[in-house]
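Beneath this line is the structure, given in structure tokens, with notes to follow.
The values are calculated or read from the model by the stated rules, or taken from the named source; none is laboratory data. Here the structure is a predicted model, which is why all the values come from computation and not from measurement. Here the Cβ is made from the backbone with ideal geometry for all residues, glycine too, and neighbour counts use every protein chain on show.
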Amino acid sequence: MYINLSGLNVLVTGASKGIGKAIASKLAEAGATVAVHYNKNMREAENLAHVLGNESKSFQADLSQPDGAAQLFDRVILEMGSLEILINNAGIAEPANIDAKESEWLAAWNNNIQVNLTSAGVLCKKVIEHFLKRKSAGRIINITSRAAFKGDTAEYMAYAASKAGLVAITRSIARAYGKDGIKAFNIAPGFVRTDMSRKIMEEYGNEVGMEDIALERMTEPKDIAPLVTFLASGMADHATGSTIDVNAGSYMR
């Protein structure tokens, strides 16, 4: 299947490594111009933008800060002129034991919610306003998680809650703005071989990522990127509001 995204500008948050890097690479391969967002990995993001070509650019923003998302969006629009697709991929999974001090538990909760939900919500708001002002169609693809539906371990309940909230945002956008040409989708991975999952496996053991899947290997970023590209193409617009599970069949185990 040939997908041509030439002439489309896409913002991918958390694009300097892992799932975001794979998504950005696949989108650029299809012709898109990618705004490569990063927080700390400047060299990796700049190198990636150069490799992607298509006039792709890197943009720094700390999404843990209340004004980080809005400032990122404004800079992207200023330098690229427009956006046709937003992909909220950036995320953290900061644990907090239930017996931790309340202030520590709440700090971890707030950090997860700020990065995974609030900043993503702000970017959704900003891009919807952008689409409506330009009277143009647009697509939002949010990378959620299996944890939004299955839950997670007690110390990662804030992560699960933030991803569940993101699912609700996506569905609300799809319901409210479909007739304005705005489509929104969720992709919900299970364990994926990234730096984030590596830390969890170091804590719980490598078997945590393999024990409940139906396939012979864990999901990798390369398994998610083609689905994002397909949704970005417009060929699945009538699936707006839906969630695509990418968890190596773990729901069947």
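Could you please tell me which pairs satisfy a Cβ distance under 7 Å, a separation of 6+ or placement on different chains, a first residue in the range 227-238 that is touching a residue at least 12 places away in the same chain (Cβ under 8 Å) and surrounded by 18 or more Cβ atoms within 10 Å (Cβ to Cβ), and a second residue that is assigned to a helix (DSSP H, G or I) and not basic (Lys, Arg)?
Val228/Ile23; Thr229/Leu27; Ala232/Leu27
Do we find that Gly241 is modelled with pLDDT of 95 or more, assigned to a loop (DSSP other than H, G, I, E, B) and not hydrophobic (A, V, I, L, M, F, W, C) in this structure?
For Gly241, the condition - modelled with pLDDT of 95 or more, assigned to a loop (DSSP other than H, G, I, E, B) and not hydrophobic (A, V, I, L, M, F, W, C) - is met.
Regarding Lys26, is this residue crowded, with 16+ Cβ neighbours inside 10 Å, touching a helix residue (DSSP H, G or I) at 6+ places or on another chain (Cβ under 7 Å), of a type in the set (Lys, Arg) and closer than 24 Å to Ala137 by Cβ?
Judged against the criteria, Lys26 is a match.
May I ask you to list the residues in the range 1-23 that are part of a loop (DSSP other than H, G, I, E, B) and touching a helix residue (DSSP H, G or I) at 6+ places or on another chain (Cβ under 9 Å)?
Met1, Ile3, Asn4, Leu5, Leu8, Thr13, Gly14, Ala15, Ser16, Lys17
If you check Lys17 against the conditions, is it surrounded by fewer than 18 Cβ atoms within 10 Å (Cβ to Cβ) and either over 24 Å from Ile128 (Cβ atoms) or β-branched (Val, Ile, Thr) (or both)?
Values: surrounded by fewer than 18 Cβ atoms within 10 Å (Cβ to Cβ): yes; either over 24 Å from Ile128 (Cβ atoms) or β-branched (Val, Ile, Thr) (or both): yes.
Yes; evaluated as a whole, the condition is true for this residue.
Among all residue pairs at least 6 apart or on different chains, which show Cβ distances below 8 Å where the first residue, located in the range 36-52, is under 17 Å from Leu86 (Cβ atoms) and the second is small (Gly, Ala, Ser) and part of a strand (DSSP E or B)?
Between residues of the range 36-52 that are under 17 Å from Leu86 (Cβ atoms) and residues that are small (Gly, Ala, Ser) and part of a strand (DSSP E or B), the close pairs are Val36/Ser58; His37/Ser58; Tyr38/Ser58.
Any residue in the range 121-148 that is of a type outside the set (A, V, I, L, M) sitting within a Cβ distance under 6 Å of a residue that is modelled with pLDDT under 95 and surrounded by 22 or more Cβ atoms within 10 Å (Cβ to Cβ)? List the pairs, counting only those 6 or more apart or interchain.
Arg146/Asn247
Any idea which of Leu52, Leu8, Leu72 is hydrophobic (A, V, I, L, M, F, W, C) and buried (at least 23 other Cβ atoms within 10 Å of the Cβ)?
Step by step, each of Leu52, Leu8, Leu72 is checked, and only Leu72 is hydrophobic (A, V, I, L, M, F, W, C) and buried (at least 23 other Cβ atoms within 10 Å of the Cβ).
Using the structure shown, decide if Leu86 is closer than 20 Å to Thr229 by Cβ, crowded, with 21+ Cβ neighbours inside 10 Å and in contact with a Cys (Cβ under 8 Å, 6 or more places away or on another chain).
yes
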